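The values are calculated or read from the model by the stated rules, or taken from the named source; none is laboratory data. Everything numeric in this text was worked out from a predicted model, so none of it was measured. Please note: Cβ atoms are built from the backbone with ideal geometry, for glycine as well, and neighbour counts cover all protein chains shown. All accessible areas refer to the heavy atoms of the entire protein, side chains included, with ligands and DNA or RNA removed. Shrake-Rupley method; radii C 1.70, N 1.55, O 1.52, S 1.80 Å.
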Amino acid sequence: MSDSLYVRLGGAEGIAKIVDDIWINHTSNPKVKQRYTKSDPENVKRLVREFFGAGIGGPETYTGQDMLTAHTGMNINDEEFVAVCDDVLSALAKNNVGQKEKDEVLCILYSMKGDIVGV
Ligand code: HEM
């Protein structure tokens with residue numbers, strides 16, 4: 001059996017670096033940075049590490065809200081959703097993640113679009 005996506009992204013350590021870079025990208029991306037001005041970076045990064053880890057084969061337990069509850073009322077649009085996906089792909093590229101893994105992550109992100117955009 002092939003390694004889980006968790007292992008292929010470098011486990012907890014690799015994912016922590018990727019999540020740090022996603023945060024840097026979001027908070028410097030003019031299309032979405034205003035969304036995160038009131039956020040506590042360490043708390044959001046912890047939740048995202050837990051969420052991805054738990055979803056891709058890691059030992060983490062996710063302690064945050066489900067995606068629909070977390071994003072309801074934000075009225076996020078398609079352009080912002082694409083911007084966030086681009087930020088994630090850039091962070092993966094920066095951390096030398098392969099194309100197959102990038103494709104897998106993008107599919108996972110896209111599968112959540114209905115719980116995040118326009119809710
Ligand atoms: C598939 C894509 C996305 C995933 C996997 C995702 C994941 C998450 C997670 C795990 C949380 C924490 C939930 C909690 O607080 O319990 C969160 C919160 C949040 N998300 Fe997303 N998100 C996505 C897309 C977006 C988009 C497109 C935007 C808008 C630009 C956005 C803006 C936010 C904001 C503003 C918060 C609250 C941060 C805070 O509590 O300070 N998200 N998201």
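For first residues located in region 89-108 and away from the ligand (no atom under 14 Å from the Cβ), partners that are among the small types (Gly, Ala, Ser) and assigned to a helix (DSSP H, G or I) and lie 6+ apart or on another chain with Cβ distances below 9 Å form the pairs Asn95/Gly14; Val97/Gly14; Val97/Ala91; Lys102/Ala93.
Taking the numbered list (1) over 16 Å from Ile108 (Cβ atoms); (2) among the acidic types (Asp, Glu); (3) open to solvent by 60 Å² or more (accessible area, probe 1.4 Å) in turn, Asp86 passes all entries but (1). Being open to solvent by 50 Å² or more (accessible area, probe 1.4 Å) and more than 22 Å from Gly10 (Cα to Cα) is a property that does not hold for Leu106.
For (1) farther than 22 Å from Ser2 by Cα; (2) among the aromatic types (Phe, Trp, Tyr); (3) at pLDDT below 95; (4) in contact with a Ser or Thr (Cβ under 8 Å, 6 or more places away or on another chain), each residue gets a yes or a no:
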{"site": "Thr37", "(1), (2), (3), (4)": "yes, no, no, no"}
{"site": "Phe51", "(1), (2), (3), (4)": "no, yes, no, no"}
{"site": "Gly55", "(1), (2), (3), (4)": "no, no, no, no"}
{"site": "Gly58", "(1), (2), (3), (4)": "no, no, no, yes"}
{"site": "Glu79", "(1), (2), (3), (4)": "yes, no, no, no"}
{"site": "Ala83", "(1), (2), (3), (4)": "yes, no, no, no"}
{"site": "Met112", "(1), (2), (3), (4)": "yes, no, no, no"}
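Hey, among the residues in region 55-83 that are open to solvent by 80 Å² or more (accessible area, probe 1.4 Å), over 25 Å from Lys31 (Cβ atoms) and in contact with an Asp or Glu (Cβ under 9 Å, 6 or more places away or on another chain), which one's nearest to the ligand (Cβ to nearest atom)? Checked region 55-83; the qualifying residue nearest to the ligand (Cβ to nearest atom) is Thr63.
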